[in-house]
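A short worksheet on the structure shown next.
The values are calculated or read from the model by the stated rules, or taken from the named source; none is laboratory data. These numbers were taken from a predicted model, which means no experiment stands behind them. In this analysis, Cβ positions are derived from the backbone assuming ideal geometry, glycine residues included, and neighbour counts consider all displayed protein chains.
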Amino acid sequence: MALRNSHPKYSRFRFDAGSLSLNFAATVRHRGAQPRDLLTMPEMLEKWFHLSGLEVFEISLIEFRDAILLREAIHDAVRSIILGKKPDGSDVELINRAAEFPIAVPQFHPGFDRVVWETKHPLKACLAVIARDAITLMGGSDRLRLKMCGSGSCRMLFVDQSPANRRRWCAMSICGNREKIRVHRQRKQSPS
């Protein structure tokens, strides 16, 4: 699990799903009875963007809501594909609409000492990058590598990048180990 910040408020962000769009979808945790949203306010979304390598500052509540709607559309569309179903048309439309927005363009800083990314609408540009990633992922050859964690208490979506395409867990160090421990305890408790 790649944690990008040691502060407890941000340490639960995961960046190991195999794609930017699935990392974005992973900002909802499905452990336990109720899903837990890690993006509860615009500041949390700003932090996630920063940790993911995209910079967006001062996200309004309306922009925040739009970002969450895109995240849910991506999650639901990918989940549908994993389950062998056709994604809902409204999810596809929302993802396509977000992808249409022009992304930021690189420009030389006036001092020619660094590159800056210019756009009139930073959040929309970042969401376009995420939506384009989702479209490429769901429409390309990686579509066959989309998986949902085999742990019933996790269900994180990820791209299986293993050579044999047989990975079952979002991360062996997290859910895989929990399952190994569970099976081990079950064996110890069963009468032989």
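Across the stretch 115-128, a minimum of one residue is classified as in contact with a Pro (Cβ under 6 Å, 6 or more places away or on another chain), farther than 14 Å from residue 22 by Cβ and among the aliphatic types (A, V, I, L, M).
Please determine, by comparing only the residues of the stretch 166-192 that are modelled with pLDDT of 75 or more and surrounded by fewer than 11 Cβ atoms within 10 Å (Cβ to Cβ), which one is nearest to residue 14 (Cα to Cα).
Of the stretch 166-192, the ones modelled with pLDDT of 75 or more are 166-172, 175, 189.
Cutting the leftovers down to surrounded by fewer than 11 Cβ atoms within 10 Å (Cβ to Cβ) gives us 166, 189.
On the way: 166: 21, 189: 34 Å.
Across the stretch 166-192, the extreme among qualifying residues is 166.
When residue 116 is tested against (1) surrounded by 14 or more Cβ atoms within 10 Å (Cβ to Cβ); (2) over 27 Å from residue 169 (Cα atoms); (3) of a type outside the set (D, E, K, R); (4) touching a strand residue (DSSP E or B) at 6+ places or on another chain (Cβ under 7 Å), exactly one condition is not met: (1). I'd like to know if the stretch 35-42 contains one or more residues that are of a type in the set (A, V, I, L, M), over 16 Å from the mean Cα position of the chain (by Cα), at pLDDT 95 or above and under 24 Å from residue 159 (Cβ atoms). There is no residue in the stretch 35-42 that is of a type in the set (A, V, I, L, M), over 16 Å from the mean Cα position of the chain (by Cα), at pLDDT 95 or above and under 24 Å from residue 159 (Cβ atoms). Once the stretch 59-81 is narrowed to residues that are of a type in the set (Lys, Arg) and more than 15 Å from residue 133 (Cα to Cα), the residue that is nearest to the chain's Cα centre (by Cα) is 79.
Scoring residue 147 on the criteria (1) part of a helix (DSSP H, G or I); (2) modelled with pLDDT of 95 or more leaves a single failure, condition (1). Please verify whether residue 54 is within 22 Å of residue 99 (Cα to Cα), aliphatic (A, V, I, L, M), in contact with a helix residue (DSSP H, G or I) (Cβ under 7 Å, 6 or more places away or on another chain) and modelled with pLDDT under 95, treating the condition exactly as stated. Taking the combined requirement at face value, the residue satisfies it. Only a single criterion out of (1) outside any loop (DSSP other than H, G, I, E, B); (2) of a type in the set (A, V, I, L, M, F, W, C); (3) touching a strand residue (DSSP E or B) at 6+ places or on another chain (Cβ under 9 Å); (4) within 26 Å of residue 167 (Cβ to Cβ) is not satisfied by residue 17, namely (1).
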